[in-house]
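Chemist: The structure is given below, and queries will be raised subsequently.
Read-outs throughout are calculated quantities, based only on the coordinates presented, and are distinct from any laboratory measurement. Given the structure is predicted, the values throughout are model-derived calculations rather than measurements. Cβ sites come from the backbone with ideal geometry, for glycine too, and all protein chains shown count toward neighbours.
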Amino acid sequence: MGNNDNLRLFHTGEHACGYWPERTARDLVFDPRDERLPAFYPQALQWGFRRSGDIVYRPHCQHCRACVAVRIPVEAFAPNRSQRRNLARNAAIEARVLPAGRDDERLALYRRYLKSRHPAGGMDDHGAHEFDQFLVGSWANTRFLELREAGRLLAVAVTDIDALAMSAVYTFYEPDQASRGLGTLSILKQLEWAKRERRRHLYLGYWIAGHDKMDYKRNFRPLEGFDGRRWRPFDAIESA
């Protein structure tokens with residue numbers, strides 16, 4: 001790692017699992033105060049880590065390995081029939097890449113999304129401070145991919161960019177338009193963007209088998225999963 005040889009890695013204490021309420025979880029976390037972290041972040045993505053605000057972490061639970069980091073090889077990806085229907089159904093939606101940041105319109109959409117998606121889950125009272133802290137952070141090279149129809153903001157995909165890859169950090173969208181598959185559309189538009197910019201991979205965070213909010217990632221093929229040591233074809237991960 002060169003100058004990153006002594007970049008410190010911490011093991012958190014146990015905390016409530018964000019995916020399975022009956023479980024506890026632990027994470028590996030890089031020192032968020034280390035000024036080298038921004039330069040090291042692309043390598044961390046390759047090791048299965050994820051960014052949340054200024055925290056770069058990877059689940060490391062004692063008795064559970066349910067969270068599997070996944071990524072899409074951009075050049076090899078081709079939408080399946082369902083994804084092509086999604087694109088056709090949403091043909092009137094315009095996608096634009098814009099600087100990351102908060103404004104009243106984005107914040108209002110974020111709050112509506114959380115109230116619908118995570119009621120009484122500890123996030124539904126997020127305001128301006130939490131928006132800035134969680135979605136923007138202080139050091140990441142982040143852009144917002146906005147989806148609009150006839151001027152109306154329908155979705156925002158928070159995306160980190162490095163020289164070789166992009167990372168889908170978080171997406172929030174209009175709850176009353178959920179039936180249009182805006183989460184899937186956001187990933188498809190991120191893939192189109194990554195292909196234009198000649199990035200090799202789009203990181204999707206963690207896949208969790210059988211989890212109703214995380215299992216959708218398996219529908220994007222080809223897909224690769226990180227087994228703790230190396231990236232492997234998703235089929236090999238899924239059948240292990």
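Okay, residues lined up against (1) more than 26 Å from Arg180 (Cα to Cα); (2) hydroxyl-bearing (Ser, Thr, Tyr):
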position: Val56; (1), (2): yes, no
position: Cys61; (1), (2): yes, no
position: Ala78; (1), (2): no, no
position: Ser82; (1), (2): no, yes
position: Arg89; (1), (2): no, no
position: Ala92; (1), (2): no, no
position: Tyr113; (1), (2): no, yes
position: Ser116; (1), (2): no, yes
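Chemist: Now, a different point. Cβ-Cβ below 8 Å, separation at least six or inter-chain, first residue in segment 153-165 and buried (at least 18 other Cβ atoms within 10 Å of the Cβ), second part of a loop (DSSP other than H, G, I, E, B) and of a type in the set (Val, Ile, Thr): which pairs?
Modeler: Leu154/Ile93
Chemist: Which ranges mark the helices (runs of 4 or more DSSP H) fully within segment 127-240 that have 2 or more residues being within 20 Å of Gly18 (Cα to Cα) and of a type in the set (Ser, Thr, Tyr)? I'd like the intermediate steps shown before the answer.
Modeler: Numbers: elements: 128-131, 182-196, 234-238.
Answer list for segment 127-240: none.
Chemist: Would you call Gly137 loosely packed, with under 15 Cβ neighbours inside 10 Å and more than 17 Å from Ala178 (Cβ to Cβ)? Walk me through how you get there before you give the answer.
Modeler: On the way: loosely packed, with under 15 Cβ neighbours inside 10 Å: no; more than 17 Å from Ala178 (Cβ to Cβ): yes.
Criteria not met by Gly137.
Chemist: Test Trp193 against the criterion of being within 16 Å of the chain's Cα centre (by Cα), within 15 Å of Arg96 (Cβ to Cβ) and surrounded by 13 or more Cβ atoms within 10 Å (Cβ to Cβ), and give yes or no. So that I can check it myself, show each step before the final result.
Modeler: Values: within 16 Å of the chain's Cα centre (by Cα): yes; within 15 Å of Arg96 (Cβ to Cβ): yes; surrounded by 13 or more Cβ atoms within 10 Å (Cβ to Cβ): yes.
In short, yes.
Chemist: Still on this structure, please answer the following. How many residues does segment 54-95 contain that are surrounded by 12 or more Cβ atoms within 10 Å (Cβ to Cβ) and more than 26 Å from Leu223 (Cβ to Cβ)?
Modeler: Adding up the residues that qualify gives 2.
Chemist: Quick one: how many residues across segment 1-53 are in contact with a Gly (Cβ under 6 Å, 6 or more places away or on another chain) and either loosely packed, with under 14 Cβ neighbours inside 10 Å or closer than 19 Å to Leu164 by Cα (or both)? It would help to see each step written out before you state the result.
Modeler: In the first step, residues of segment 1-53 are kept if they are in contact with a Gly (Cβ under 6 Å, 6 or more places away or on another chain); the result is 50, 53.
Applying the additional criterion that residues be either loosely packed, with under 14 Cβ neighbours inside 10 Å or closer than 19 Å to Leu164 by Cα (or both) yields 50.
Total meeting the criteria: 1.
Chemist: I've got another one for you. Looking at Asp227, Asp176, Asp215 in this structure, which one is under 16 Å from the mean Cα position of the chain (by Cα), surrounded by fewer than 19 Cβ atoms within 10 Å (Cβ to Cβ) and farther than 15 Å from Arg96 by Cβ?
Modeler: Asp215
Chemist: Right, something else. Just to check your reading of the model, which residue among Ile187, Ile161 is among the hydrophobic types (A, V, I, L, M, F, W, C) and farther than 15 Å from Leu98 by Cβ?
Modeler: Details: Ile161 fails: farther than 15 Å from Leu98 by Cβ.
Just a single option satisfies the conditions, and that option is Ile187.
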